[in-house]
Amino acid sequence: MKDKLEGRSIRYSIFSYFTVTALVMGILIALFLNTRFSNQLSASMETEGENLVSQVSVSVESFLRTIMKLSDSIYYGVIKNADLSQESISRELQLLYDNNKDSVENIAVFDRSGRMLEVVPAARMKSHVDIAGEEWFAETLAQPENLHFSTPHVQYLFDGSETQYKWVISVSRAVEITDGPFTTQGVLLIDVSYNSLDQIVGEVSLGDSGYLYLMDGGGEIICHPKAQLINAGLMEEDNLEVAGRKEGSYRERFGGEERITTVKSIGYTGWKAVGVNPTGSMTLNVLKTRIFVVFIVLLFLFVLTMINAYISSRITNPIKELEKSVSLLESGDLDAPVYIGGSAEIRSLGHSIQGMALRIKGLMNDIVAEHESKRKSEFDTLQSQINPHFLYNTLDIIVWMIENEKKTDAVRVVTALARFFRISLSRGKSIITVKDELEHVRNYLMIQQMRFKNKFTYEIDADEDVLELASLKLMLQPMVENAIYHGMEFMDGDGVIQIRVWREGDDLYLRVRDNGLGMTKEQVENLFKDSGHVPSRRGSGIGVRNVNERVHLYFGDAYGLRIESEPDEGTDVIIHLPAVPYSEIAEREGK
């Protein structure tokens with residue numbers, strides 16, 4: 001990921017790093033809340049199960065205590081105070097039954113032999129039942145100090161339409177019966193309605209799918225909300241394993257399901273109330289709570305992402321603006337404004353870049369000025385190099401004229417040579433008037449015409465309004481020199497050199513035309529590529545290319561030379577300059 005982010009923008013990198021960090025933090029917070037919530041949920045389920053089981057245990061104990069009080073009332077208030085050989089206790093039993101008939105089905109008293117002494121409200125005992133042979137009857141007589149509770153069963157002892165097919169739980173105890181002068185043992189039997197007990201247990205639910213059931217000390221189920229499924233073999237319960245556990249909550253896996261089992265003992269009976277709550281069940285409130293937690297985490301991530309985007313933009317926007325300024329500087333626009341804004345570090349960087357741009361601009365201006373000065377110096381040096389052949393031949397002509405007593409011609413040549421050198425030097429100036437430039441080339445042509453013994457003629461034509469305009473020194477002489485040496489040297493007829501100077505608006509044109517041998521297009525192109533003149537042992541050495549570069553250097557790339565030539569037709573060299581009065585340039589240069 002690091003390699004991918006290295007090619008991205010700083011804003012993308014900051015946003016990515018912060019967002020990933022926020023996402024990781026959000027996930028960690030969500031996991032923490034989920035773990036904490038799960039633990040709290042588990043503890044809450046255990047506490048809820050224990051509380052409900054405890055409440056059921058209290059309710060069952062209260063119900064059984066009511067039955068025990070009824071048993072005590074029957075025994076100590078009725079049976080113990082009556083002589084059953086002389087009086088009936090049916091009325092008292094009926095009264096007690098009527099007061100408890102919502103939870104009691106039958107009340108009966110038996111003597112030791114199993115003979116029924118009293119029963120309410122049933123009419124008679126079934127004929128085929130041997131009470132004395134019943135296990136519960138023998139056990140009750142064997143343990144007279146205890147109350148004995150049976151498991152749920154269908155009432156099978158008494159006849160009567162109201163007592164048949166009733167599920168009951170029988171509570172029996174040994175009693176003393178007074179029979180005249182004798183006291184014998186008997187058994188008091190109370191059939192408790194199973195529905196009364198089932199209502200206490202069945203109305204309780206743990207969560208969405210939890211339930212509660214009762215069993216005796218041996219693990220036999222007394223009440224179960226899914227008793228029919230268990231009896232039909234469609235459901236199993238781990239009641240036998242739970243029977244050996246002490247009170248408390250246990251996590252277990254039964255039937256492929258994780259669940260919490262809570263065990264609570266019920267006093268007087270040895271029964272146990274068992275609560276079963278599957279851990280996978282969630283109430284609607286729990287689901288809402290989890291959705292709320294997820295919403296809070298998502299909201300946290302959203303807010304953090306928005307803050308991240310705002311912070312990254314505040315950090316990176318000044319950097320992007322500064323980057324734009326640097327790009328403009330890099331493209332060469334050193335006058336472009338540099339952005340100054342953002343944090344203190346960005347402003348400091350902007351000031352530094354601005355100062356650097358100013359220094360670079362100054363250095364570049366210095367380099368350009370130095371380069372131009374160097375180029376001008378090189379051209380001035382080149383201009384000052386007088387061809388020794390030209391000087392030697394001119395002096396030789398002067399000597400010859402003096403020897404042949406042509407003193408007038410000799411004076412003319414000497415005067416022309418003096419004027420030629422005076423203008424060539426021009427006190428070190430590179431810009432002179434058009435008038436001086438024409439005078440310079442006129443002296444040169446006169447000397448060359450006398451050297452070549454009138455082999456060519458020349459004409460100089462200039463408008464009056466151009467004579468005081470500025471011209472570059474020593475432009476025409478190299479063009480005339482090329483016309484003489486390379487255009488007319490091998491001609492058979494008379495040569496003609498025409499010099500014309502005129503003005504067109506803000507432009508100044510100087511043309512040198514000859515009727516010499518001319519040049520091809522390729523030769524013209526080579527004049528601007530190579531040294532600018534055809535190699536020769538004679539001439540000034542200042543070629544077309546050098547003159548063109550000097551014009552560019554002093555007046556700009558919009559000006560320069562243009563050559564038009566055809567073989568055997570002659571050549572036109574046109575110099576294009578700006579029409580600027582010489583006085584303006586002299587004033588600008590302080591001259």
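Of note:
- Charge tally in the Cβ shell below 14 Å around Leu476, where Lys, Arg are +1 and Asp, Glu are -1, Leu476 excluded: -1
- Averaging the sequence gap over all C-alpha pairs within less than 8 Å and six or more residues apart, then dividing by the number of residues, gives the chain a relative contact order of 9 percent.
- Segment 85-157 - Rg (one decimal) and Dmax (whole number), Cα, Å: 13.0, 36
- Rg ratio for the chain: its Cα radius of gyration over 2.2 N^0.38 Å, N being its residue count, equals 2.65.
- In percent, rounded to a whole number, the relative contact order of segment 132-281 is 17, using alpha-carbon pairs under 8 Å and six or more apart.
- The chain: DSSP helices with Cα axial extent of at least 20 Å and average Kyte-Doolittle hydropathy no lower than 0.0: 10-74, 284-330, 388-403, 407-425
- Each principal axis of segment 291-374 carries a Cα extent, and these read 82, 22, 13 Å when sorted largest first.
- Residues whose placed amide H lies under 5 Å from that of Leu117, excluding near-sequence neighbours: Val109, Phe110, Asp111
- With contributions of -39500 (n - 2.57) from each DSSP H run of at least four residues, the per-residue ellipticity at 222 nm computed over the chain stands at -16000 deg cm²/dmol.
- Residue-count net charge about His224 - beta-carbon cut-off 10 Å; Lys, Arg +1, Asp, Glu -1: -1
- Total formal charge among the other residues, if their Cβ is under 11 angstrom from that of Tyr76, Lys/Arg +1 and Asp/Glu -1: 0
- Sites listed here are GluC sites (Glu not before Pro) in segment 56-152 whose DSSP assignment is loop and whose Cβ has at most 14 other Cβ atoms within 10 Å: Glu87, Glu145.
We did not get these values from a lab; they are worked out from the coordinates using the rules stated. Bear in mind the structure is a predicted one, so any value in this text is a computation, not a measurement. For neighbour counting, all protein chains shown are included, and Cβ atoms are generated from backbone atoms with ideal geometry for every residue, glycine included.
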